[in-house]
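The values are calculated or read from the model by the stated rules, or taken from the named source; none is laboratory data. Being a predicted model, the structure only gives us computed values, none of them experimental. Neighbour counts run over all protein chains shown; Cβ positions are idealised from the backbone, glycine included.
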Amino acid sequence: MARQLNQMQDWARETRITQGRVTVLAAMMILVMLGLLYRYFSLQVIQTEEYRAQSDRNRIAVRTVAPTRGVIVDRSGNFLAVNQPSFTLAITPERAGDLDSVLEALSDLLGLTGIDIELFTEARKRRRPMSPVPLKYRLTDKELAVLAVNKHELPGVSVLSELTRHYPEGDLLGHALGYVGRIGIDDIDESEKEAYRGISHIGKVGLEAYYEDVLKGGLGVSRVETNARGVELDVIDRIEPVPGAELTLHLDVELQRVAASAMGNMRGAVVAMDPKNGGVLSAVSNPRYDPNKFVNGISFSDYAELRDSRDAPLLNRVIQGQYPPASTIKPMLGLAGLNRDLITIDTAIPDPGYYQLPGDPRRYRDWILRVRGTGHAEEMNLRDSIAQSCDVYFYELANRFGIDALAESLDAFGIGSLTGVDLPSEKRGILPSSEWKRRVIGSSWYGGETLIVGIGQGYMLATPMQLAVATTALATRGNAFKPSFVAAVDGMPVQPEPLLSVPAATEYWDEVSAGMVDTVSSVRGTAFGMRSGLTYSVAGKTGTAQVVGIAQDATYDEEALSEYQRNHGWFIAYAPVENPEIVVAVLTENSGGGSTAYPVARAMLDYWMSRDE
Amino acid sequence: MSNDFSRVAEVSSRELGARIRLLRVLHIDLWLSVPLLLLSIGGLFVLYSASGLSDAMLSAQMRNIAVAMTVLLITAQFRVETLRGVSPYIFALATLLLVAVVFFGVGAKGAQRWLSLGFIRFQPSEVMKVAMPLALAWWLSKKALPPDFRSIALAFVMVALPSGLILQQPDLGTSLLVATSGLAAIYMAGIQWRYIFSTIVLALLSIWPAWIFVLKDYQKQRVLTLFNPESDRLGAGWNIIQSKTAIGSGGWEGLGWTQGSQAQLDFLPEGHTDFIIAVLAEEFGFRGVLLLFLIYAVILGRGLVITWKAQSSFARMLAGALVASFFFGLVVNLGMVSGLLPVVGVPLPMVSYGGTAMVSMMIAFGMLMAISTERPVTRAMR
């Protein structure tokens, strides 16, 4: 009984202990459950908005839709730059697993170049997660087949169909159009990154670069619902991309062909311009290159060849080639001399074949001396001096000018100034003056140097584009427009912009014009050789520039030296004289002289004057 | 009229009485079985949505529930004294199986948790979930309560050995659940508070050595991620960020059944298993969460009442350990999914997909029902 009582007491005590523990446990449970409940309340009721926004960010992906780049057509609507469907190899790095081994496998299959890998690495930095990065463009049918066969061994690799820039005329318009290339790390800055999302190419040089903003178009945006793996499930809404604007050029692709074929393989540059509005009708820079090579990454060896060639094919000689203008400036100086009353129409200057400054024994030779052993004539007037390109007359005139007035006169024709043509990286040439020499060379001007500048030699340099503008001023009797390749943007005509205006009396213009007409049509004219069979009137001026070659890479090579030291030939012209429709400036490098240049101009004028409009 | 009415009332009350007697005979506790049924049925809806509307997974889970309920019914028929009698043997068996896992276990993803008997594969750690509270309650009820130091020391060994074996599999979640059920039994036995507090202090002190010597890199990563999920958005932080986003975007009303974008668009990992509460929260909102909490509260409350009313110290310690263990698993799951606790693999009881855990849980509830429907001692003594 006592034992039973003891047991009862134990039982009661143990019950008390364990029940006490239950009470504490219950209290703890209530506290913890309330705490957890509050956590869910806080997430779901207090912070709903925040998490809903987060959920939408998860769910909704903003995809950019690349616009199509504007096409470029010539004045007759011939396509010069178009977009062609092509296939591009791309990798989504997140899905590739071991990216390096995938790249290696692709290298074995397709022979990727270092450039491909390098551009791929750069493109990777600009893209959104889970999106494909282009690796190789314009896959051939054979490459597509190889990829199809090996597809399952290449995780993350996909073939995209997209539009790639193509230049149907190949090298014919390489310098003018320039090219687009894959966007490199230096091509766009931070602020532009957003505008280029989803766009793989950017205009690098030429019109493609100058009109990049117009050609590019505006990105479209599409909001899509995606799952966690980035797979698109549904399009929520879409803002269509704005296609790039179409550029219509003044350029005539047939005239360009005529010019290129007339140039043959001579190095040099040709510009043809419409004097009525400054529209560039043709622009050839020889040697040429094919812009298509650059679109998807040129191989390093190909690029090195172009870059390092002594003939500098990448140089656009039309705006970047700087040459002594030589005798082409004589009509301009003549007009300025008349304007400033330094000479009259009848001023006659004796020409013994050389010129001497008073008190200076040095003889400044006329080019004719080497040919005939005498001067052009006993006495020369302005008209004949232009037609026959008499140096002595212009030595005397230059001496009367003095260097600074002479520079001022040529400045009026745009020599030494940027023309403002719609191409990037134009060079301005050099228009020397006493101030210029002090600043650049650091010494004072000598009178003899004025004579040399008076025949377009010495320090003076000009680009073919500058001479085309100056020739326009001669053709229109004083008014030239800013040269422009583009005639219309999306059909909206581009208004010509006046660039310079040279006022002069009509009889002065008549006289200079007569000299230029005589150049072609008089027996003694320096371009008489181009006269036969002309069915329209032409005014022109030859030039022969003494220089060394312009190639940057100047290793001493005696064999080549003689060739690269030969004279450059110039010819500027306009036609028809009465109502000029076309202005041409031709430069042929190391060709010996102007007689190699005027046949090119003749071919172009013939085409232009005979075409049906 | 009134006669008729009273007769109807009499009949229905008689029928009701018969039904209650039937439940009694079957050892079914209504306060436990009803919320458990509600949970499993409601859980099926959530699972169907979370699985991406998978009929296969739905029917598999229905089978799991059927098996688990059957096991519950069977377990509930045992007498408490019988349970107590088999306790040491079950514990010994479970421990042996855990040791066997070390040598013969099979597994996947670097964890070795399974034993294969050819026709069936199972996790001995799940057996231990049941064996641990039984064994501790058995051991501690052998002597008068509160236990003396020697009993407590041995009890700790009994907890530590199996927990350690499970931890090294590695399976941190189950190891914690098993350890908790054992420790809860010791707690119920009336271990002095000073022991409890010194254990807590010891545990806090052991964090540093545990960090260096015990925790695996992936486990450390989970803890670090808890404090700053943004540090590794696409890696270890992904789960927490996505589950919080799912819960938060559910708001008060929820986005609607099968309409949760986090769950349906695969942003939420493990949505049908450990993270299923996030799917419920996203699609049914805080209202749904509140209801879930209420059902769990009823189960926990009823568990505590059963514990309180249990007829013997063994029964109370066992019941208390089972309820505490259930509670612990629940808290760890709710806490980790909402970003309060590190991610350890603990399912949401009765809702997460999976059969094994559900069966061991139903054995636990079966034992609770066995305890609750036992005839009072006083009456037996009379």
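Quick look at the values:
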| quantity | calculated |
| --- | --- |
| The range B:306-350: number of residues that are among the aliphatic types (A, V, I, L, M) and either at the interface with chain A (Cβ under 9 Å from one of its Cβ atoms) or under 18 Å from B:Gly366 (Cα atoms) (or both) | 15 |
| Which numbered condition A:Ile343 fails, given (1) outside the structural domain of A:Ile403 (by TED's automatic domain parsing); (2) outside any helix (DSSP H, G or I) | (1) |
| All helices (runs of 4 or more DSSP H) inside the range A:1-112 with 1 or more residues being within 7 Å of another protein chain (Cβ to nearest Cβ) | A:2-41, A:48-59 |
| Out of A:Val486, A:Val440, sole residue that is assigned by TED's automatic domain parsing to the domain that holds A:Tyr574, under 19 Å from A:Ala176 (Cβ atoms) and within 29 Å of the chain's Cα centre (by Cα) | A:Val486 |
| Residue in the range B:30-49 that is outside any helix (DSSP H, G or I) and surrounded by 11 or more Cβ atoms within 10 Å (Cβ to Cβ) present | no |
| Residue that is modelled with the lowest pLDDT [pool: residues in the range B:1-56 that are within 19 Å of B:Leu72 (Cβ to Cβ) and in contact with a Ser or Thr (Cβ under 7 Å, 6 or more places away or on another chain)] | B:Arg24 |
| Answer residue from the range B:169-217, given it is in a loop (DSSP other than H, G, I, E, B) and closer than 16 Å to B:Ala155 by Cα and is nearest to the chain's Cα centre (by Cα) among those | B:Ala189 |
| Residue satisfying condition, being out of contact with any His (no Cβ under 7 Å at 6 or more places or on another chain) and closer than 21 Å to A:Thr588 by Cα, within set A:Gly321, A:Gly359 | A:Gly321 |
| Unique match (being surrounded by fewer than 23 Cβ atoms within 10 Å (Cβ to Cβ), more than 8 Å from every other protein chain (Cβ to nearest Cβ) and on the phi > 0 side of the Ramachandran plot) among B:Gly256, B:Gly237 | B:Gly256 |
| Any chance B:Gly271 is over 16 Å from B:Thr180 (Cβ atoms) and more than 10 Å from every other protein chain (Cβ to nearest Cβ) | yes |
| Every residue from the range A:313-357 that is free of Cβ contacts under 8 Å to residues at least 60 places away in the same chain and of a type outside the set (A, V, I, L, M) | A:Pro313, A:Asp341, A:Thr344, A:Asp346, A:Thr347, A:Pro350, A:Asp351, A:Pro352, A:Gly353, A:Tyr354, A:Gln356 |
| Single unsatisfied condition, A:Met273 versus (1) part of a helix (DSSP H, G or I); (2) under 30 Å from A:Pro580 (Cβ atoms) | (1) |
| B:Thr225 being at pLDDT 80 or above, hydroxyl-bearing (Ser, Thr, Tyr) and assigned by TED's automatic domain parsing to the domain that holds B:Gly345 | no |
| Breaking point among (1) of a type outside the set (D, E, K, R); (2) touching a residue at least 24 places away in the same chain (Cβ under 8 Å); (3) more than 14 Å from every other protein chain (Cβ to nearest Cβ), for A:Ile236 | (3) |
| Failed criterion for B:Thr82 (all others in (1) over 21 Å from the mean Cα position of the chain (by Cα); (2) in contact (Cβ under 8 Å) with a residue 60 or more places away in the chain hold) | (2) |
| Any hit, the range A:378-391, residues being part of a loop (DSSP other than H, G, I, E, B) and surrounded by fewer than 22 Cβ atoms within 10 Å (Cβ to Cβ) | yes |
| Count - residues of the range B:50-67 that are in a helix (DSSP H, G or I) and in contact with a Phe, Trp or Tyr (Cβ under 9 Å, 6 or more places away or on another chain) | 7 |
| The range A:147-158 - residue that is touching a strand residue (DSSP E or B) at 6+ places or on another chain (Cβ under 7 Å) and under 14 Å from A:Ala96 (Cα atoms) and, of those, modelled with the lowest pLDDT | A:Gly156 |
| All positions within the range B:273-291 that are under 17 Å from B:Tyr353 (Cα atoms) and either without any contact (Cβ under 8 Å) to a residue 60 or more places away in the chain or surrounded by 24 or more Cβ atoms within 10 Å (Cβ to Cβ) (or both) | B:Asp274, B:Phe275, B:Ile276, B:Ile277, B:Ala278, B:Val279, B:Leu280, B:Ala281 |
| From A:Ser484, A:Ser433, residue being within 18 Å of A:Pro275 (Cα to Cα), in contact (Cβ under 8 Å) with a residue 24 or more places away in the chain and of a type in the set (Ser, Thr, Tyr) | A:Ser484 |
| A:Asp360 vs. criteria touching a residue at least 60 places away in the same chain (Cβ under 8 Å) and either of a type outside the set (Asp, Glu) or in the same structural domain as A:Gly569 (by TED's automatic domain parsing) (or both) | yes |
| Residues that are touching a residue at least 40 places away in the same chain (Cβ under 8 Å) and touching a Phe, Trp or Tyr at 6+ places or on another chain (Cβ under 8 Å), drawn from the range B:185-218 | B:Ile186 |
